Amino acid sequence: MKLKNIKREWWKEGIVYQIYPRSFQDSNGDGVGDLRGIINRLDYIESLGVDIVWLNPIYSSPNDDNGYDISDYRNIMAEFGTMQDFEELLAGMHQRGIKVVMDLVVNHSSDEHEWFQQSRSSRDNPYREYYHWWPAEKGTPPRRWSYFDPEANAWKYDEQTDAYYLHYFSAKQPDLNWENPKLRAEIYDMMNFWFMKGIDGFRMDVITFISKHDGYPEFPEEYQGQAMIDMYAKGPRLHEYLHEMHENVMQHYDCMTVAEGPGTHIDNVLELVAEDRKELNMNYHFDHQSIGVGDRFIINDDFQNLVKFKKVMSEWDAVFEDKGWGTVYFGNHDFPRMVTRWGNDSPQYRRFSSKLLSTYLLSMRGTPYYYMGDEIGMSNIKFDKIEDYQDLMTINWYNLTKQEGGDLEEFMASHKLCARDNARTPIQWDDTANAGFTSGKPWLKVNGNYPEINVDSQQSDPDSELNYFRALVRLRKNNLTLIYGQYSLLLADDPDIYAYTRTLDDDVILVLLNFSSNERTLALPELIDANFNNASVLLDNYANSEQTQQLGALRPYQAQIIKL
């Protein structure tokens, strides 16, 4: 890989820090994080060294799905603050050299949006075609699976006009009809509204679902239930719409776009992100997240299968060898805490495995997406009772399992490891009441381990996960090899070790990650043809390790970045 052949971009070199506003910082004691809370923590965000902040939805919403049901795309959710607060937040980020990416949720709106209120009022309303309707006189609509519906049915009967409307998510999230050019024009106009305010890009929620199949045909048997996701992503006009969006909006700004891409795989992702397509910059996939996790997030023996993980991540890296650009992430608001899912959250190993996972994210090719709280090693809360959950998906899947006479113990055990609410517990700022998140009652319980795991206790500890993350950020920024360098996997079949090199021009960096509680010694000269006499360790998550320690001798969950 030669640097002179690379087209450098800020969104390739930046580190994205994701903020779930509801759980970041409450400023007014109502138990819900808000924009003022983020403003109050701007110096902390700056101290991390991150370049881009992705905000989960902050638009007006009745909050059926925590803001992913939008009732007004041009206003701020009252719980979060005002437009003035947002403008102050945006200015504060930009003053600190941080770009801001908003969440674009345009596969569906809220059923309380004015468009839907008009659409459902009569069959001849001008807004009728802003949504997908199936007249009841045509009989039962073709099967469509829903993420959040209590019966997993994506069609909801609406008595007012004797018709069914489509909702891939909850019944309060009707799908928008992208086949209607008027609807598309409204979306593009709204996107321009936010770009004119000064935002730097969009993360696009389930954007691969926007094109529906004409006439809503029955899907083949192999695409029933949750498997329907792949069909949802194969709508016939998806790329037409995204190219049109690029021409009408994105091409006019120096912006970043990333698709949340359910249904994207290594054989189709370049259709979204190859530069000559003029659609989007990046996509994030779910192939690694599905390792060891089945329908309704029931886990199996492959849950932490490192060999399968390496295979998936290496195949995805190879896709972008010549064009396009990838992403790397472990956690976000839809997945559990990374240290519980991919590492070891026991007191003995949590700190080391948290640092190891951060090492991986910031030493791989592709833009890293880093979820708030992971920098201090926050772990899953692991609720014992269904009543503690707020997430529609877990609650509905629990009720479906119960109705079917399924194994509720297995369900609850799996969701301790996989449920989305594990990532949504409030940030643990200090060891005071409610971890310093709120003076009121938090909207979701605070993890009980906050006296031991919090920002305040890690700020001055040079060996903390927080300060290790900051060191990693500095290392990545100062080494283009870690951003653009060619990735080569070593030891593909080793069940404990993830090892790879990054190479740019004559610069070679070796990354060694021990994803296990076993001590392992690697014969490095047999592993890679290189001169180890002048090798230097750039970063090691065992901070006080003797530098005389033999290279390749790895302790449990040890991570080393070595310059050859």
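The values are calculated or read from the model by the stated rules, or taken from the named source; none is laboratory data. As the structure is a computational prediction, the values presented were derived from the model and not from experiment. Cβ coordinates were reconstructed from backbone atoms using ideal geometry, including for glycine residues, and neighbour counts include every protein chain displayed. What goes into the accessible areas is simple: the full protein's heavy atoms, side chains included, and nothing from ligands, DNA or RNA. Shrake-Rupley method; radii C 1.70, N 1.55, O 1.52, S 1.80 Å.
Which shape class, rounded, prolate or oblate, goes with the stretch 388-502 when its Cα gyration tensor gives a ≥ b ≥ c as root eigenvalues, a/c under 1.5 marks rounded, and past that a/b bigger than b/c marks prolate?
oblate
Heavy-atom surface analysis with a 1.4 Å probe gives the chain a carbon and sulfur content of 46 percent of its accessible area. In this simple spin-label approximation, Asp301 and Ser346 carry label points 7 Å from Cα along the Cα→Cβ vector, and these lie 2.1 nm apart. Phi angles across the stretch 64-72 convert, under the Karplus curve 6.51 cos²θ - 1.76 cosθ + 1.60 with θ = phi - 60°, into 3J(HN,Hα) values of 5, 10, 6, x, 8, 10, 9, 9, 7 Hz, Gly and Pro given as x.
What separates the Cα centres of the stretch 276-346 and the stretch 23-39 is a distance of 30 Å.
Derived scalar couplings between HN and Hα for the stretch 291-297 equal 5, x, 10, x, 3, 6, 6 Hz in order, rounded to whole Hz, by the Karplus curve 6.51 cos²θ - 1.76 cosθ + 1.60 (θ = phi - 60°), x for Gly and Pro. Relative contact order of the stretch 250-400, taken over Cα pairs closer than 8 Å and 6 or more residues apart, is 18 percent.
Under 5 Å between amide hydrogens, built in the peptide plane, is the criterion, and for Lys99 it picks out Ile52, Val53 among residues at least 5 positions away or on other chains. Counting only protein heavy atoms and using a 1.4 Å probe, the accessible area of Arg41 comes to about 70 Å².
Sparse packing (at most 12 other Cβ atoms within 10 Å of the Cβ) combined with a DSSP loop state is found for the following GluC sites (Glu not before Pro) in the stretch 486-564: Glu519, Glu546. Taking GluC sites (Glu not before Pro) across the stretch 356-447, the ones in a DSSP loop with at most 11 further Cβ atoms lying within 10 angstrom of their Cβ are Glu404. Amide hydrogen proximity for Val508: with H placed 1.01 Å from N in the peptide plane, the residues at 5 or more positions away or on another chain lying under 5 Å are Leu564. The H on the amide N of Gly235, modeled in the peptide plane, is under 5 Å from the matching H of Ser211, each at least 5 residues off or on a different chain. Pairwise Cα separations in the stretch 283-413 fall into 5 Å bins from 0 onward with the following percentages, short to long: 2, 9, 17, 20, 20, 14, 10, 5, 2, 0, 0. Over the chain, DSSP H runs of length four or greater, each weighted -39,500 (n - 2.57), average out per residue to a 222 nm ellipticity of -7500 deg cm²/dmol. Distance between Cα centroids, the stretch 466-486 to the stretch 118-160: provide it in whole Å. Taking the Cα centre of each part, the stretch 466-486 and the stretch 118-160 sit 49 Å apart. Note on Lys382: lysines with a C-alpha under 22 Å away, same-chain residues under 8 apart excluded, are Lys355, Lys402, Lys416, Lys441, Lys445.
The order of Glu129, Glu13 by accessible area, most exposed first and with a 1.4 Å probe, is Glu129, Glu13.
For the stretch 367-403, the set of trypsin sites (Lys or Arg not before Pro) satisfying both a DSSP loop assignment and a count of at most 16 other C-beta atoms within 10 Å is given as Lys385. Sequentially through the stretch 257-266, phi angles give Karplus couplings (6.51, -1.76, 1.60; θ = phi - 60°) of 10, 9, 8, 7, x, x, x, 8, 9, 5 Hz, Gly and Pro residues having no value and appearing as x. Could you tell me which label, among (1) 74, 70, 47; (2) 91, 66, 37; (3) 78, 52, 52, carries the value of Cα extents along the principal axes in Å calculated for this structure? Checked against the structure: label (3). Take every pair of alpha-carbon atoms less than 8 Å apart whose residues are at least six positions apart; their mean separation over the length of the stretch 443-503 yields a relative contact order of 19 percent.
When you restrict to C-alpha pairs under 8 Å that are six or more residues apart and normalise by the size of the chain, the relative contact order lands at 13 percent. Accessible surface for the chain, divided over its residues, is 38 Å² per residue with a 1.4 Å probe. With a simple spin-label model that places each label point 7 Å from the Cα along the Cα-to-Cβ direction, the separation between Tyr216 and Arg8 comes to 5.2 nm.
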